[in-house]
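First comes the structure, then the notes that go with it.
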Amino acid sequence: MPPAARTENRTRDGHVLVWEQAGIAEEYPEKKRRFGTRHYVVFMLFLGMANAYVMRTNMSVAIVAMVNQTAIEHEAEVFDDECPDTDYGEPADPADHKDGEFLWSTSLQGYILSSFFYGYVITQIPFGLLAKKYGAMKFLGWGMLINSVFAFLVPIAARQGGAPWLIVVRFIQGLGEGPIVPCTHAMLAKWIPPNERSRVGSIVYSGAQFGTVISMPLSGLLADHGFDGGWPSIFYVFGIIGTVWSVAFLWTCHEDPITHPSIAEDERKYIQQSLWGKAGVNIPPIPWKSISRSLPFYAILLAHLGQNYGYETLMTELPTYMKQVLRFSIKANGTLSALPYLAMWIFSIGVGWVADWMLTSGRFTHTLTRKLSNSIGQYGPAIALIIASYTGCNRALTVAILTIGVGFNGGIYAGFKINHLDLTPRYAGILMAFTNCSANLAGLLAPIAAGNIIEGKPTIAQWRIVFVIAACVYIFTATFYNIFASGTRQPWDNPDNDEPQKPVSIEAPAYENGHSNLANGGTTATNGTTTTYRANNAAEQRQ
């Protein structure tokens, strides 16, 4: 990195960035690029994020097969300029239009789709706080296990108890998935050096798109050809996959590098020194008052709100739009609905690598990098939604526009999504819990709003209202972010202002009650305070 960039970084953050400290690169040479333990943790977190989004999206496809669309259409819907009932000019297969078991109105379907998010939202902040005190790994693993096990109960609840019991089961699934984002953020803060954050964050959170890409077409195939009537097999198959991942995660992953029993010593030392430096780190109590007055924090919050509203509009309603307006079969519905998220998955990974290159080149500040990435990620889908609302019955053009727009949405992962770590590395998990909780409150409104707008008249004109509202939300929140966002470490998280802690000598690392005793400059947190520990050398740690 050029000297000018290093000077700019020191001034910007108020302290020397730990990866610029002398000796760190030398102590962990070129072999650091091998597949290490941290990369395995990243891989498991990626799969966990994919599992989480599978559980969200499978209901969006399944509900199309569950509901007797013919009865509802004959009962209430009014058509004016709807598209012909055909798949690219070929006669539709009658099997693709078989009626479902349930007579649920579109507004009731909206409440069923949103019930998952009610449970998901209320556990965000509690798990963010608990993860800081007790560790994130077990909350994440056990929460996803609950989510996966209750997937087996979805068909039973729907058939035996109807919509009310189905809503309850989906609500409990949401409760189990609550830890996924704050606990993932907390684990990334412990495992990933700062100079790898953009690309690693993009890889992990792109698991959301990977899960969507897998879930939608496979759910469509299972609904069409699966066992037990088709749609129930969706929840059985993904329930098994989620259970296997949860057990593997709890069995093989650990809270941080210090407590991992088999991590290579050079990798442990590299991660620890990159994150905390040789002198250790003191994490004081959370500065709630300063956070509540921070405009850069509110910029992230608003951007997160806009992202979730627009994204949930597409994720939960796109299969229904494909069926009701564009008249795709259930099988094609799942496959084509997944195309935009495939584009987003690929684009988000590329953006993460480019963002890290922009930062390490010294030509771009953190602030500019985050704003450029986020502008692509939110203005892009907004424009696409507006254009797609005027493409009428042109199926190919509509799918192409939505695919490109949602693909651009991948820019958010190098934008606001990782911005918490720029503002406050030590409290990033807490901030993520608050922004993600608020954002999902906005997100759960999306299917309810869409359901009420299109109920009884799912025409292109009514769907245009749904798309334009989501686009306006995207534009407003992205603009607010561009005005007030920052990529600099905030004064209320400046280590120079921390009270010094007296080092205490130990000979072996310990791990009790979710706290880590870190040798060679580590910490243990108790009741909001941190004690710094040191050992003479690595050999003493293992004796």
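The values are calculated or read from the model by the stated rules, or taken from the named source; none is laboratory data. What you are looking at is a predicted structure, and each value in this text was computed from that prediction instead of being measured. In this analysis, Cβ positions are derived from the backbone assuming ideal geometry, glycine residues included, and neighbour counts consider all displayed protein chains. Side chains included, ligands, DNA and RNA excluded: accessible areas come from the protein's heavy atoms. Shrake-Rupley method; radii C 1.70, N 1.55, O 1.52, S 1.80 Å.
Tabulated results
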quantity	calculated
Residues in segment 209-233 reached by a label modelled at residue 43 [backbone nitrogen below 18 Å; 7 Å Cα→Cβ]	210-211
Solvent accessible area, Å² - residue 465, 1.4 Å probe, full protein context	70 Å²
Solvent-accessible area of residue 171 with every protein chain in place, 1.4 Å probe, in Å² to the nearest 10	70 Å²
Distance between modelled label sites at residue 288 and residue 476, nm, 7 Å Cα→Cβ extension	2.9 nm
Extension gain, residue 368 back to residue 236 (0.36 nm per residue minus Cα-Cα distance, nm)	43.0 nm
Residues in segment 471-486 that a label on residue 295 would reach, taking backbone N under 15 Å of a point 7 Å out along Cα→Cβ	479-486
In sequence order, calculated HN-Hα J values of segment 117-124 (Karplus, 6.51, -1.76, 1.60; Hz; x Gly/Pro)	6, 4, x, 5, 5, 6, 9, 4
Largest-first ordering by accessible area, 1.4 Å probe, given options 228, 356, 266	228, 266, 356
Pair residue 142, residue 101: separation of 7 Å Cα→Cβ label points (nm)	3.3 nm
Residue-level accessible surface for residue 432, protein heavy atoms, 1.4 Å, Å²	0 Å²
Surrounding net charge for residue 429, when Lys and Arg each add one and Asp and Glu each subtract one, Cβ distance under 10 Å	+3
